[in-house]
Amino acid sequence: MASLTSININLNKIPKEKIYEGKMGKYIQVTVVQNNEVDEYGYNASIYASQSKEDREKKEKKVYIGNGNVVWTDEQVVQPNKKTKADNNLPF
């Protein structure tokens, strides 16, 4: 599936503890939700700081940092990425 999603991110809402240092700069892992329906504000996409397994198990509240809209799609269904730990050890 191909799609384009336009998102507005509120930089003031990014949790500082979620920012980490990488080889080429500072990063934050985020999760983008693309809904089939438009919400009460006219958006069908949202973005939040990704949660760890422990956060999800503790039912921690998600920290939403932005919203937006899917602006284009080829209307094909995307399949989930089913990476395993073994996949992460590949030499390429």
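The values are calculated or read from the model by the stated rules, or taken from the named source; none is laboratory data. For clarity, every value in this text was computed on a predicted model and none was experimentally measured. Because the Cβ atoms are built from the backbone with ideal geometry, glycine has one as well, and the counts that use them run over all protein chains shown. Note: accessible area is taken over every heavy atom of the protein model, side chains too, but ligands, DNA and RNA are not part of it. Shrake-Rupley method; radii C 1.70, N 1.55, O 1.52, S 1.80 Å.
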inquiry  = What do you get for chymotrypsin sites (Phe, Trp or Tyr not before Pro) in region 40-80 restricted to DSSP loop and a cutoff of at most 14 other Cβ within 10 Å of the site's Cβ?
reply    = Tyr41
inquiry  = Tell me the carbon and sulfur percent of the accessible area for region 1-89, rounded to whole percent, probe radius 1.4 Å.
reply    = 48
note = Note to self: with every protein chain in place and a 1.4 Å probe, the chain gives an accessible area per residue in Å² of 87
ask   = What figure in square angstrom, to the nearest 10, would you give for the accessible area of Leu4 with a 1.4 Å probe?
value = 100
inquiry  = Rounded, prolate or oblate, given the Cα gyration tensor of the chain, with a/c below 1.5 counting as rounded?
reply    = oblate
query = Ordering Lys16, Lys61 from largest to smallest accessible area (1.4 angstrom probe), what's the sequence?
reply = Lys61, Lys16
